[in-house]
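Working notes, structure below.
Please treat every number below as a calculation from the coordinates, not as lab data. Since this is a predicted model, take the numbers as computed values, not measurements. Glycine also receives a Cβ, built like all others from the backbone with ideal geometry; neighbour counts cover every protein chain displayed.
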Amino acid sequence: MANPDPTQRFSDRADAYAAARPSYPDAIAPLLVRELALPADATVADLGYGTGLSCVPFLRAGLAVIGVEPNDAMRTAGEKFLAAQGSFRSVAGKAEATTLADASVDLVVAAQAAHWFDLPAAHAEALRILRRPPRAALIWNDRLSTGSAFAEGYEVLLRDFGAEYLKIRHRHAAEETVAAFFGGPYRETTLPNTTRLDFPTLVSRVDSASYMPQRGSTAHAAMVAQLRKLFDASARDGMVAMEYVTRIFFGELAR
């Protein structure tokens, strides 16, 4: 049974999450710097930063990042991953109670996380920690489930074995989530994001999803067998391509 506390859902999947979750396009950071007129020395607070993948585009762009993460296992993995990747520090906090000082950051972001937030509380906390104007961005990697035999077969596998898959998938980037967080107008753009995976990494990517069977279970063995057949039918040069669209919602929070 999945942990009912959303901040602890990934405690037993941190290693798989760090090893196999899709990264985010580097173009996100310059896009937000330009569109939101961020200062060159901007500080970014990444809410629910997990194992650190969403911090990378901002660190590569030379921005300072504070990762806010309530899950100890995920935060430890993120600190290790980002130790040598620029101006980064992490804090044990959550979107609704970051522990950060008033008016201490220039941009708040959340990647693959906002659908777990208490949105009114997270909105209020973001307004508290943001300098003015209160700039924010919500980001999701949305996997394409059609367009190739592999994409369609992978979608079938998730539906077959993911007890909560449809419920959680439908919450990603939902308009009501974005609207509740911003509390007013926002803009949206998308970037293509293709990842290529060998079979062990593909298994880890499935294992990183909180709604999929845990390793060692009978259901997990059956899932891996089905995944193996799909991989063998789809792989080219030992790899499969998993296509995503990175959706970016950005603007100023309503006050």
- Please list the radius of gyration and Dmax for segment 100-220, considering alpha-carbon atoms only, with Å as the unit. 17.6, 53
- Message: Assuming 0.36 nm per residue, please report the length gained on full extension of the stretch ALA254 to ARG159 beyond their Cα-Cα distance.
- Response: 30.5 nm
- Item | Computed label-point distance, nm, for sites VAL91 and ASP41 using a 7 Å Cα→Cβ extension | 2.0
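Less than 12 Å Cβ to Cβ from ARG236, Lys/Arg counted +1 and Asp/Glu -1: what total charge do the surrounding residues give? Provide the component values of the computation, followed by the final result.
Numbers: positive: ARG196; negative: ASP198, ASP232, ASP237.
Computed value for this residue: -2.
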- Along principal axes, Cα extents of segment 16-91, largest first, whole Å: 35, 23, 20
- Where the eigenvalues come from the Cα gyration tensor of segment 56-98, what are the semi-axes √(5λ) of the equivalent ellipsoid, largest first, in whole Å? 18, 12, 7
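I want the antiparallel fraction of DSSP beta bridges within the chain, as a percent rounded to 5. Write down the numbers at each step before the final one.
On the way: 22 of 40 bridges.
So the antiparallel bridges in the chain amount to around 55 percent.
Can you check what the Kirkwood hydrodynamic radius comes to for segment 159-255, Cα pairs only, in Å to one decimal? List each step's numbers first, then the result.
Details: mean 1/r = 0.0626 Å⁻¹.
16.0 Å is the Kirkwood radius here.
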- What percent of all Cα-Cα pairs in the chain falls in each 10 Å bin, counting up from 0? 7, 31, 36, 20, 6, 0
- What helices in the chain pass both tests, a Cα length along the helix axis of 20 Å or more and a mean Kyte hydropathy of 0.0 or higher, using whole DSSP H runs? 218-234
